[in-house]
Amino acid sequence: MTQSFDTPLPPPKERRRLRELGSLTQAQLAARLGVSRETVRAWETGRSTPSGRKRESYGKLLASLAAVKPPAEVTVPQAPEPAPVLTVSLNKAASNPEPPTPTPAAAPTPAQAFDALYAFCAPALVRQAYLLTGRRELARESVEQAFQVAWQRWPEVAVDPDPASWVRATAYEYALSPWHRFRPRYRHPEPPPADASDRALLDVLLTLPPPHRRTLLLYDGVGLGLPETAAETEASTPAAASRLLHARSAIAERLPDLAEPEVLHHRLAKTASTERLRAAKPPTVRIESERRARFWTRAAIAITVAIIGATALTLHTAPTRYEPPVPPGETVPGVPPKAAPGTLSTAELTLRAKLRAESANGPEKLLPEPR
């Protein structure tokens, strides 16, 4: 595979300016080039650079936009002059009009920025997660989980060059986790799509290894370039290319109609769009994220308090000095063991009865007198 880098491209900011001068949105420009809107956004932010035929098409389109309306001919509209019919008190101000001071737009709050990112990415991410897993409920759960993590780490996500890619990578990781197979709710398969062609494509996708499936979806479904796909899947570019070729060959072997990448791209989009996959509302996701954060914080505090209490109890009940253990007894050699009394004989029993029957007061004892 050879790539051409002969077509020069303007800087990223100039690319965006030329697109806006041509009154084109990112979606319209992506439709003309046959890529996704996120790819165009990455090109305009400088996060990635097109290559090959996409680079040539993109360069020709920017050149045509620059030729229609060169940057030198762009004029900034002046403020309208004041009307001649004015009151007497404003005549002095009207003789020397000053341009109006532009009011800076208010910066959005973190909640507003999060809601905008969720509204922009969540519907497409749910469809992509459905193609990865083949489960509708798991697809919605993966996207909600990814955005909950994003809201908990919003200071980091807000300054990321591409927050959409950050959330997409988190959603893909959760959706492809092997631990879902042990959950009771995901042990049984869900009803397949109604269309036979969609069922066939989904069956082939689910037979692919998860890394191959993810690489195919990012490159042929989302429209990322090969370097961006390799970076998001945490693989080298040759490894990502190998996974892509193996996935395409597996699909072409069972579905020959989808051997062309363009046809495969449209079929992936069609299969994901036929399912009614609705994501939750942004406030619901934010509230659930905050609830989980509070729960785990309280759980961590409770475990810490339990450890501190157990440590204090151990220190309180532990002995303060050393007490040597009592050694086991030893047998002294040469000393016969003490014999235990046996049963009394008949004569002894008779004598004991006689002694018990007699009076306790007997004769006085005789003491010898010393001489």
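Based on this model, can you work out whether ARG168 counts as of a type in the set (Lys, Arg) and closer than 26 Å to PRO12 by Cβ? Criteria met by ARG168. Considered as a group, the residues in the range 161-174 that are assigned to a helix (DSSP H, G or I) and of a type in the set (D, E, K, R) include one that is farthest from GLU44 (Cα to Cα), and that residue is GLU173. Scanning the range 225-252 for residues that are of a type in the set (Gly, Ala, Ser) and surrounded by fewer than 17 Cβ atoms within 10 Å (Cβ to Cβ) yields SER236, ALA239, SER242, SER249, ALA252.
Return yes or no: is SER197 within 15 Å of the chain's Cα centre (by Cα) and closer than 25 Å to HIS246 by Cβ? Considered against the rule, which asks whether it is within 15 Å of the chain's Cα centre (by Cα) and closer than 25 Å to HIS246 by Cβ, SER197 comes out as no. Just to be sure before I move on: is PRO161 at pLDDT below 90, over 13 Å from the mean Cα position of the chain (by Cα) and closer than 22 Å to THR109 by Cα in the structure I sent? Criteria met by PRO161. Here ALA259 fulfils each of the conditions (1) under 26 Å from ALA164 (Cα atoms); (2) free of Cβ contacts under 8 Å to residues at least 40 places away in the same chain; (3) surrounded by fewer than 16 Cβ atoms within 10 Å (Cβ to Cβ) apart from (1). In the range 1-20, of all residues being over 27 Å from PRO238 (Cβ atoms), in a loop (DSSP other than H, G, I, E, B) and at pLDDT 80 or above, the one that is most open to solvent (accessible area, probe 1.4 Å) corresponds to PRO11.
Residue count for the range 345-360 under the criterion of being at pLDDT below 85 and aliphatic (A, V, I, L, M): the result is 3. Tally the residues that are outside any loop (DSSP other than H, G, I, E, B) and either open to solvent by less than 90 Å² (accessible area, probe 1.4 Å) or within 17 Å of LEU138 (Cα to Cα) (or both), restricting the search to the range 271-297. Residues flagged as outside any loop (DSSP other than H, G, I, E, B) and either open to solvent by less than 90 Å² (accessible area, probe 1.4 Å) or within 17 Å of LEU138 (Cα to Cα) (or both) within the range 271-297 amount to 15. Residues of the range 175-224 that are open to solvent by 60 Å² or more (accessible area, probe 1.4 Å), assigned to a helix (DSSP H, G or I) and in contact with a helix residue (DSSP H, G or I) (Cβ under 7 Å, 6 or more places away or on another chain): TYR219 alone.
Considering every residue within the range 270-277, establish whether at least one is within 28 Å of PRO191 (Cβ to Cβ) and in contact with a Gly (Cβ under 9 Å, 6 or more places away or on another chain). Within the range 270-277, one or more residues are within 28 Å of PRO191 (Cβ to Cβ) and in contact with a Gly (Cβ under 9 Å, 6 or more places away or on another chain). Any residue at all in the range 118-134 that's in a loop (DSSP other than H, G, I, E, B), without any contact (Cβ under 8 Å) to a residue 60 or more places away in the chain and touching a helix residue (DSSP H, G or I) at 6+ places or on another chain (Cβ under 6 Å)? The answer is no, given that none of the residues of the range 118-134 is in a loop (DSSP other than H, G, I, E, B), without any contact (Cβ under 8 Å) to a residue 60 or more places away in the chain and touching a helix residue (DSSP H, G or I) at 6+ places or on another chain (Cβ under 6 Å).
Scanning the range 303-344 for residues that are exposed (fewer than 10 other Cβ atoms within 10 Å of the Cβ) and either within 30 Å of TRP151 (Cα to Cα) or among the basic types (Lys, Arg) (or both) yields a total of 2. Pairing each residue of the range 21-35 that is at pLDDT below 80 with any residue that is surrounded by fewer than 16 Cβ atoms within 10 Å (Cβ to Cβ), provided the two are 6+ apart or on different chains, yields C-beta distances under 8 Å for GLY22/VAL68; GLY22/LYS69.
Among the residues of the range 154-174, those that are among the β-branched types (Val, Ile, Thr) and open to solvent by less than 60 Å² (accessible area, probe 1.4 Å) comprise VAL157, VAL167, THR170.
The values are calculated or read from the model by the stated rules, or taken from the named source; none is laboratory data. Since the model is a prediction, treat every value here as computed from it, not as a measurement. Reconstructed Cβ throughout: ideal geometry from the backbone, glycine too, with neighbour counts over all protein chains shown. Quick note on the areas: whole protein, heavy atoms, side chains included, nothing else; ligands and nucleic acids left out. Shrake-Rupley method; radii C 1.70, N 1.55, O 1.52, S 1.80 Å.
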